[in-house]
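In what follows, a structure is listed as structure tokens, so that the remarks can point back to it.
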Amino acid sequence: MRTLVTGCAGFIGANYVYYLLSTYPDEEIIGFDSLTYAGNLETLGNATQNPRFRFIKGDITDGDAVDALFAAERFDIVINFAAESHVDRSISDAGVFLRTNILGTQTLMDAARRYKVTRYHQVSTDEVYGDLPLNRPDLLFTEETPIHTSSPYSASKASADLLVQAYHRTYGMPATISRCSNNYGPYQFPEKLIPLMIANALADKPLPVYGEGLNVRDWLYVEDHCVAVDLIIRKGGIGEVYNIGGHNEMKNIDIVKMILKHLGKPESLITYVTDRKGHDLRYAIDPSKISSQLGWLPRTKFSDGIVKTIDWYLDNRQWWERIISGEYVEYYKKMYG
Ligand code: NAD
Ligand code: DAU
């Protein structure tokens, strides 16, 4: 079995590569990533020591490079994690989100069709459903919830989903889609809520909480996401969409306070800043389809996962300190002043 993992040098793609390498001793994995600001080869350090993994640098929007890759490698499975993934960056500059997330998906799927890949999996997001009200805990996103996007990021991911469904219907493309809630865990780029708050708390810097910190996200430990994607690829129905989430809704402010408490830092570091434009209020996934049809259940409780994550950032300071001292300095100044 030969699997292509795009976006393998990012947060979830890299965790997925490690999951595959440790779970399937006979399978070969080729990682493809253009190494944007969010891609980091250091993250794949241990994987590159493994003879069953190879990294190839390239852009999923580059039709010639993608064609050459598929011609040379003859993949059985393609999993597309590659994306521009940060909502705030999409609000400042949507162009690259449309190119990578929509045109990149089209380019990959065209190659997957040409080279007769037996399974194409699109890693999507719960953000394609828009948001839910804060005062209706009974409402959850199901696979039937209408697409209703808020940010250029979520609009680009929803467009890609529609294309995947069109390729399935029009060309019989053997595709599946997963829509997961917020992930956390090792190797997450420190622009995202949890690693950003850990890094700032450790440096005794202000923790920038948008609005009043009352927005709700449904958090899932990254390894649980990897298990779910793998299950969908191996056992899921072709043409199907699966939501992934672990019923773990938390207000942003509660997470920030939890991090401060674990690190023994004062709540006076919390600084309320201007809200994100179009900020989605609440995400909450109904995972009953993947649970009942494929038997998936999350394994990591948030109370354990968050401690493991904070400890990982404490133990791997070099990894993120190098990141936040590079291009990220300019982004941080522009974003937070
Ligand atoms: P990330 O930003 O950490 O990593 C994205 C990776 O894609 C990087 O390594 C980057 O270099 C690579 N990439 C970007 N543009 C590329 C291009 N044109 N060609 C090749 N590689 C390119 O993102 P992540 O958080 O790991 O998210 C991975 C996927 O999961 C994305 O599709 C995202 O939409 C989805 N997702 C993320 C979450 C989350 O909470 N992080 C939740 C649900 C779904
Ligand atoms: O739901 C899945 C999505 O989760 C993925 O599709 C995205 O790729 C991923 O980035 C994530 O999107 P969010 O916008 O929910 O994640 P982020 O970490 O940027 O923000 C989480 C919440 O924290 C959100 O309500 C905004 C808030 N926030 C974020 C930052 C960066 C702050 O209050 N302050 C901050 O500085």
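Any residue that is buried (at least 22 other Cβ atoms within 10 Å of the Cβ), assigned to a helix (DSSP H, G or I) and at pLDDT 95 or above - is there at least one of those in the range 57-65? Working first, answer last.
Pass one, the range 57-65, residues buried (at least 22 other Cβ atoms within 10 Å of the Cβ): 60.
Remaining after also requiring assigned to a helix (DSSP H, G or I): none.
There is no residue in the range 57-65 that is buried (at least 22 other Cβ atoms within 10 Å of the Cβ), assigned to a helix (DSSP H, G or I) and at pLDDT 95 or above.
Can you tell which of S85, S90 is in a loop (DSSP other than H, G, I, E, B) and either in contact (Cβ under 8 Å) with a residue 40 or more places away in the chain or buried (at least 24 other Cβ atoms within 10 Å of the Cβ) (or both)?
Result: S85 is the single residue among S85, S90 that is in a loop (DSSP other than H, G, I, E, B) and either in contact (Cβ under 8 Å) with a residue 40 or more places away in the chain or buried (at least 24 other Cβ atoms within 10 Å of the Cβ) (or both).
Residue check, Q318 against (1) more than 16 Å from ligand 2 (Cβ to nearest atom); (2) touching a residue at least 24 places away in the same chain (Cβ under 8 Å), all met but one. Which one?
Evaluating Q318 over (1) more than 16 Å from ligand 2 (Cβ to nearest atom); (2) touching a residue at least 24 places away in the same chain (Cβ under 8 Å) leaves (2) as the failure.
Determine whether E212 is within 9 Å of ligand 1 (Cβ to nearest atom) and touching a residue at least 40 places away in the same chain (Cβ under 8 Å).
Details: within 9 Å of ligand 1 (Cβ to nearest atom): no; touching a residue at least 40 places away in the same chain (Cβ under 8 Å): yes.
No, not satisfied.
In the range 164-180, which residue that is outside any helix (DSSP H, G or I) and not β-branched (V, I, T) is nearest to ligand 1 (Cβ to nearest atom)? Even if it seems obvious, please write down each step before you answer.
Keep residues of the range 164-180 that are outside any helix (DSSP H, G or I), which gives 172-180.
Going one step further and asking which of them are not β-branched (V, I, T), we end up with 172-175, 178-180.
Working: G172: 24, M173: 18, P174: 19, A175: 15, S178: 8, R179: 7, C180: 4 Å.
If we take residues in the range 164-180 being outside any helix (DSSP H, G or I) and not β-branched (V, I, T), then C180 is nearest to ligand 1 (Cβ to nearest atom).
Testing L220 on (1) more than 14 Å from ligand 2 (Cβ to nearest atom); (2) touching a Pro at 6+ places or on another chain (Cβ under 8 Å), one condition comes back false. Which one is that?
Of everything listed in (1) more than 14 Å from ligand 2 (Cβ to nearest atom); (2) touching a Pro at 6+ places or on another chain (Cβ under 8 Å), L220 misses just condition (1).
Hey, among the residues in the range 118-149 that are of a type in the set (D, E) and in contact (Cβ under 8 Å) with a residue 40 or more places away in the chain, which one's surrounded by the fewest Cβ atoms within 10 Å (Cβ to Cβ)? First the steps, then the outcome.
The first filter runs over the range 118-149 and keeps only residues of a type in the set (D, E), leaving 126-127, 131, 138, 143-144.
Pick out the ones that are also in contact (Cβ under 8 Å) with a residue 40 or more places away in the chain and you get 126-127, 131, 143.
On the way: D126: 28, E127: 23, D131: 21, E143: 16.
Residue satisfying both the conditions and the ranking: E143.
Does I147 satisfy the condition of being out of contact with any His (no Cβ under 6 Å at 6 or more places or on another chain) and either more than 19 Å from A160 (Cβ to Cβ) or not in a loop (DSSP other than H, G, I, E, B) (or both)? Lay out the reasoning, then the answer.
Details: out of contact with any His (no Cβ under 6 Å at 6 or more places or on another chain): yes; either more than 19 Å from A160 (Cβ to Cβ) or not in a loop (DSSP other than H, G, I, E, B) (or both): no.
Judged against the criteria, I147 is not a match.
The values are calculated or read from the model by the stated rules, or taken from the named source; none is laboratory data. Being a predicted model, the structure only gives us computed values, none of them experimental. Because the Cβ atoms are built from the backbone with ideal geometry, glycine has one as well, and the counts that use them run over all protein chains shown.
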